[in-house]
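The values are calculated or read from the model by the stated rules, or taken from the named source; none is laboratory data. Keep in mind that what you see is a predicted model, and the values were worked out from it rather than measured. Using ideal geometry, Cβ is built from the backbone for each residue, glycine included, and neighbour counts are taken over all protein chains shown. When the accessible area is computed, the model is the full protein with side chains, heavy atoms only, and any ligands, DNA or RNA have been set aside. Shrake-Rupley method; radii C 1.70, N 1.55, O 1.52, S 1.80 Å.
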Amino acid sequence: LSLELPYNMVKSFRVSDLQTLLASMGRSKSGLKQDLVGRALRLVQTEYSPELLKNVRQLYESRFPKAAGWLPARRPDVVPVTQSTRSASPATNGHGTDYLNGVPKPSPTPVSEVKLISLPFYQTLETLVPPTELIAQNCEKLQDSPCTFELTPSQAELIRNSSELRPGTKSVQVVLRICYTDPVGVQEDQYPPNIAVKVNQSYCHVPGYYPSNKPGVEPRRPCRPVNITPWLHLSTATNRITVTWGNFGKRYCVAVYIVRVFTSADLFNKLKHCSVESPERCRERIQDKLRFDPESEIATTGLRVSLICPLVKMRLNVPCRVLTCAHLQCFDAVFFLQMNEKKPTWTCPVCDSPAPFDLLTIDGLLSEILKETEDVEEIEYLTDGSWRPIRDEKEKERERERSNTPEYHMLDMCKPGMNGHSPAPSSTSQTGKLGLGGSTAPTGAGGGVVVDLTLDSSSEEEEGGGTAEDSEDTDDSPERRPPKRGRYDYDKDLVTAY
């Protein structure tokens, strides 16, 4: 076959078809439709394999079920209407083909071929309604698709006697799951537009949209199983579910299961007991990454790993990473599971690669390093599998300053002669003066002398009305004015000299 036919088929695919095709061939399925189309066309051009052609053909025939072989389906010019068809069905022609507004109605895909992806927080116990396609009953945009089921006495007893995750929420639940009707690969939960779920005449809660923090990105709705347990008859009575959905060309199927719901703490306990990589295996992995490659021009002598979790910017507690990721950087397992419990993305926070729960592992070597280091935020792995701490530049500078600072002996300035000068003769008991131009006060408890440094000889002469000798002669005179005091109980401008 030439490339023209697969090219035309890929160009007619919807976004969901393009994502399914790229995912089945191991390619990224994120991006706008034009990016997906270009990626799929390059895939057809570079990998023209039987497996690729089979996937393209299955996707094309699932969208155009009446197409013969590789030929595109054509809209009939005239819808044949005969008496026999009128009596049989108003929308069936003489050849048994169903038409809706002149276009062939899509035939339902066998439900046994649709497989829903397994979810880490849900363990399927029993299937109440297998995957069943939502069939449009008319040409209206909003469709109502009902289904019914009954619980057996043992199933109702199992739900009633289950423990509570939180008040009003059982650990064993009946959930409704919706996905694309696509037999290729494993399908993730996907809600149709304008979805509403009514259980026994009561509308149940369907998760809303998450606001986007990025400009120009539309809010995304987290598609997860819908818990319908609170609205069910936990008896042998018939339960009726009505799903309202928008009919905009895509095909969906619905299924009902009894599941056991796990919490992030449950998954963490499972991870600790089942998926811990030993320190020896971690050292081997480090040595493999740092092994000398003679064909490479650059030799790597070490790998730096941060001890800060990229999710919460805090020190790691339980270092965890994905087995399929090439990096050695870890993230905290507890925070990662808690975040996916609230908003399931299962994406590695380091490299944005898929991080399913089954591929998570706890790094045993880094766990030991975290116990040995308390004030280190980064380490470096060496070629022999050992490691060394990486100190912060500011901390290095502080250590360098401490090592270069000379030691000085402390001098007791209260002792006479320790400051290199002989003690001044104290005449407090004789004249109450300490030389010319100063006045003294009683000594303190430490032996210091209070000296008024603000007065000089000229100020004393002006205050005393004569020379320094005159002031000495009149020290004991009752007419001497007392020193000025401020608002506090000590002399102004007095300091203690040691």
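Restricting attention to the stretch 115-160, the residues that are under 21 Å from Tyr252 (Cα atoms) and in a loop (DSSP other than H, G, I, E, B) add up to 11.
The single condition from (1) open to solvent by 80 Å² or more (accessible area, probe 1.4 Å); (2) touching a strand residue (DSSP E or B) at 6+ places or on another chain (Cβ under 8 Å) that Pro222 fails is (1). Scanning for something farther than 18 Å from Val226 by Cβ, at pLDDT 90 or above, out of contact with any Ser or Thr (no Cβ under 8 Å at 6 or more places or on another chain) and not β-branched (Val, Ile, Thr), does the stretch 160-182 turn up at least one residue? Scanning the stretch 160-182, I find at least one residue that is farther than 18 Å from Val226 by Cβ, at pLDDT 90 or above, out of contact with any Ser or Thr (no Cβ under 8 Å at 6 or more places or on another chain) and not β-branched (Val, Ile, Thr), so the answer is yes.
Taken residue by residue, the stretch 129-136 has at least one member that is over 15 Å from His233 (Cα atoms), over 36 Å from the mean Cα position of the chain (by Cα) and surrounded by 10 or more Cβ atoms within 10 Å (Cβ to Cβ). Of all residues in the stretch 347-375, those that are open to solvent by less than 10 Å² (accessible area, probe 1.4 Å), part of a helix (DSSP H, G or I) and out of contact with any Lys or Arg (no Cβ under 8 Å at 6 or more places or on another chain) total 2. All conditions but one from (1) open to solvent by 20 Å² or more (accessible area, probe 1.4 Å); (2) part of a loop (DSSP other than H, G, I, E, B) apply to Val184; the one that does not is (1).
Pairs linking a residue in the stretch 306-329 that is closer than 18 Å to Leu271 by Cα to a residue that is among the polar types (S, T, N, Q) and open to solvent by less than 10 Å² (accessible area, probe 1.4 Å), with Cβ atoms under 8 Å and 6 or more positions apart or on different chains, are Cys320/Thr361; Arg321/Thr361; Val322/Thr361; Leu323/Thr361. I'm trying to understand the selection: among the residues of the stretch 332-346, which are open to solvent by less than 60 Å² (accessible area, probe 1.4 Å), over 12 Å from Arg224 (Cβ atoms) and of a type in the set (S, T, N, Q)? Passing the criteria: none in range. Within the stretch 42-58, the set of residues being open to solvent by 60 Å² or more (accessible area, probe 1.4 Å), touching a residue at least 24 places away in the same chain (Cβ under 8 Å) and closer than 16 Å to Lys11 by Cβ comprises Gln45, Arg57.
Residues of the stretch 188-242 that are polar (S, T, N, Q), under 30 Å from the mean Cα position of the chain (by Cα) and farther than 15 Å from Val256 by Cα: Asn194, Ser212, Asn213.
For first residues located in the stretch 15-26 and at positive phi, partners that are open to solvent by 50 Å² or more (accessible area, probe 1.4 Å) and not acidic (Asp, Glu) and lie 6+ apart or on another chain with Cβ distances below 6 Å do not occur.
On the basis of being open to solvent by 50 Å² or more (accessible area, probe 1.4 Å) and either on the phi > 0 side of the Ramachandran plot or in contact with a strand residue (DSSP E or B) (Cβ under 8 Å, 6 or more places away or on another chain) (or both), does Arg304 make the cut?
Numbers: open to solvent by 50 Å² or more (accessible area, probe 1.4 Å): yes; either on the phi > 0 side of the Ramachandran plot or in contact with a strand residue (DSSP E or B) (Cβ under 8 Å, 6 or more places away or on another chain) (or both): yes.
Yes; evaluated as a whole, the condition is true for this residue.
The single condition from (1) aliphatic (A, V, I, L, M); (2) closer than 16 Å to Ala196 by Cβ; (3) under 30 Å from the mean Cα position of the chain (by Cα) that Leu267 fails is (2). Under the condition of being touching a residue at least 24 places away in the same chain (Cβ under 8 Å), open to solvent by 90 Å² or more (accessible area, probe 1.4 Å) and either under 26 Å from Phe121 (Cα atoms) or assigned to a loop (DSSP other than H, G, I, E, B) (or both), the residues counted in the stretch 263-285 number 1.
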